[in-house]
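First up is the structure itself, then whatever we jot down about it.
The values are calculated or read from the model by the stated rules, or taken from the named source; none is laboratory data. Bear in mind the structure is a predicted one, so any value in this text is a computation, not a measurement. Cβ sites come from the backbone with ideal geometry, for glycine too, and all protein chains shown count toward neighbours.
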Amino acid sequence: SYYSSFHSSHAQRQGNIGPVGDLIVSNGNVNPDGFERLTALANSQIDGALIKGNKGDVFQINVVNQLDNNTILQSTSIHRHGLFQKGTGWADGPAFVNQCPIVKGDSFLYTFDSADQAGTFWYHSHLATQYCDGLRRPFIIYDPNDPQADLYDVDDGTLACLLDY
């Protein structure tokens, strides 16, 4: 298992994007459990890129496929869990269901409105074993006017993630 934490208020953290930005999917060697292996990375990191924005933002996430190693699948797609896709089913991400995979060297602009949604969600590859290999990350939509904010004792912006290898 591999544990990582994101400090979401650390705006300069390499890899954080949103609500508009590029998500570069590339391959690289990682060894979170002590054994090196090839995997798909988000913005060149095994523990990045946190996508974040505010309630009501229109997200425009441009997924750029830079997978170029012939020993792994070179297509990809990105799916988000927990977000309503009303009117934007084409941007939901399941490859071969409602979109073609993003082929090597190409990109796809996922555009969707977060509307009245806020919370902690996640996104992941929706093609073959890329999800299992670690291409999955948190996706946070903040509510700047959270009516429950005074009920939280601590909100330091830390988000813990567990990737199992």
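Scan region 41-64 for residues that are touching an Asp or Glu at 6+ places or on another chain (Cβ under 6 Å) and either under 21 Å from L159 (Cβ atoms) or not aliphatic (A, V, I, L, M) (or both) and the total you get is 2. The residue of region 37-85 that is surrounded by the fewest Cβ atoms within 10 Å (Cβ to Cβ), among those that are part of a strand (DSSP E or B) and of a type in the set (K, R), is R37. The set of residues in region 114-139 being modelled with pLDDT under 90 and among the hydrophobic types (A, V, I, L, M, F, W, C) consists of A115, L127, A128, C132, L135. Among the conditions (1) within 24 Å of I24 (Cβ to Cβ); (2) in contact with a helix residue (DSSP H, G or I) (Cβ under 9 Å, 6 or more places away or on another chain); (3) of a type outside the set (S, T, N, Q), H126 misses just one, which is (2). Residue selection: D22 satisfies the criterion of being of a type in the set (D, E) and assigned to a strand (DSSP E or B). Does G34 satisfy the condition of being under 14 Å from R136 (Cβ atoms), outside any strand (DSSP E or B) and modelled with pLDDT under 90? For G34, the condition - under 14 Å from R136 (Cβ atoms), outside any strand (DSSP E or B) and modelled with pLDDT under 90 - is not met.
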